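To start, the structure itself, in C-alpha cells.
The values are calculated or read from the model by the stated rules, or taken from the named source; none is laboratory data. Everything quoted here is computed from the prediction, not taken from an experiment. Every residue, glycine as well, gets a Cβ built from its backbone with ideal geometry; the counts of neighbours run over all protein chains shown. Side chains included, ligands, DNA and RNA excluded: accessible areas come from the protein's heavy atoms. Shrake-Rupley method; radii C 1.70, N 1.55, O 1.52, S 1.80 Å.
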Amino acid sequence: MNSPARSQPRRRDGGRAPVEPAAAPAQPPRPFLDDYLAFLLAQASHRISGGFHREVESAGLSVTEWRVLACLSDGAHETIGTLSALALVKQPTLSKVVQRMERQGLVARCGTTADKRQTLVMLTDEGRAVAERHVRRALAHQAAVLKPLGARNARLLITALRRLVELPR
C-alpha cells in the first residue's frame with residue numbers, strides 16, 4: 001500500500017489539509033531618506049538646477065547673478081534685504097554681487113522715499129535683455145524636466161511646492 005505523502009498533515013476525515021501559501025518574506029523597511037521630504041527636495045533641487053546652472057555659468061553669469069536677474073525680471077524694484085531672501089543669499093554677499101552687477105550695467109540702485117537708508121535694485125535695459133534670455137532658457141529647462149511627469153502631475157507638483165513655500169515659518 002502506498003503511504004500518503006508526509007508533506008501535508010492528515011485531517012480527521014482522511015483528506016488532506018489545505019496547504020497554506022508560504023508567507024511572503026518581510027519587506028525590509030525603506031531607508032529613512034527615501035521618504036524624508038527635506039532630503040528629497042534638496043536632491044531634486046540639486047538634480048534639476050545643476051544642468052541649468054552650468055548653462056548660466058557658461059554664459060558668464062554666476063548663479064547668484066542669475067537669481068538676482070530672475071527676481072527682478074518681472075520689472076520689480078526690490079531692496080537688498082528682500083532680494084537676499086528671494087535669491088537665498090546672505091545680505092553681505094548679495095550687496096557685493098549687486099555692486100558688481102551695477103558696474104556691469106545689469107542693475108541700477110536708487111534710494112527709497114520712505115527710508116533713506118534703504119536701496120532699491122532694478123534691472124537696466126541691458127539687464128532686462130539678459131534676464132529675458134535666461135528666463136526663456138529656464139522655462140525651456142523646466143519644461144524638459146517636468147515632461148516625464150505629464151502636465152497634470154507637473155501642475156500638482158508646482159502647486160504643492162508653492163503651498164510649502166508659502167507656509168508660515
Of the residues in region 26-80, those that are aromatic (F, W, Y) and either within 22 Å of Q91 (Cβ to Cβ) or in contact with a helix residue (DSSP H, G or I) (Cβ under 9 Å, 6 or more places away or on another chain) (or both) come to F32, F39, F52, W66
By residue number, the members of region 152-163 that are open to solvent by 80 Å² or more (accessible area, probe 1.4 Å) and either touching an Asp or Glu at 6+ places or on another chain (Cβ under 6 Å) or among the aliphatic types (A, V, I, L, M) (or both) are L156
Tell me whether region 25-38 contains one or more residues that are part of a helix (DSSP H, G or I) and more than 26 Å from L157 (Cβ to Cβ). no
The residue that is least open to solvent (accessible area, probe 1.4 Å), considering only those in region 70-82 that are closer than 22 Å to G111 by Cβ and in a helix (DSSP H, G or I), is L72
Cβ pairs under 6 Å, 6+ apart or interchain, first in region 39-64 and over 23 Å from K147 (Cβ atoms) and of a type in the set (S, T, N, Q), second in a helix (DSSP H, G or I) and open to solvent by less than 60 Å² (accessible area, probe 1.4 Å), ordered by first then second residue, are T64/V97
Exercise. For S58, are the conditions met, namely being open to solvent by 70 Å² or more (accessible area, probe 1.4 Å), within 16 Å of A131 (Cα to Cα), within 25 Å of the chain's Cα centre (by Cα) and not acidic (D, E)?
Worked result: yes
Note: among L149, L106, L167, just one is open to solvent by 90 Å² or more (accessible area, probe 1.4 Å), under 26 Å from I48 (Cβ atoms) and aliphatic (A, V, I, L, M), namely L167
Filter region 83-103 for residues that are in contact with a Leu (Cβ under 7 Å, 6 or more places away or on another chain) and either among the small types (G, A, S) or not in a helix (DSSP H, G or I) (or both); the one that is surrounded by the most Cβ atoms within 10 Å (Cβ to Cβ) is A87
Taking region 109-135 and keeping only residues that are surrounded by fewer than 17 Cβ atoms within 10 Å (Cβ to Cβ), within 26 Å of the chain's Cα centre (by Cα) and outside any helix (DSSP H, G or I), one is left with M122
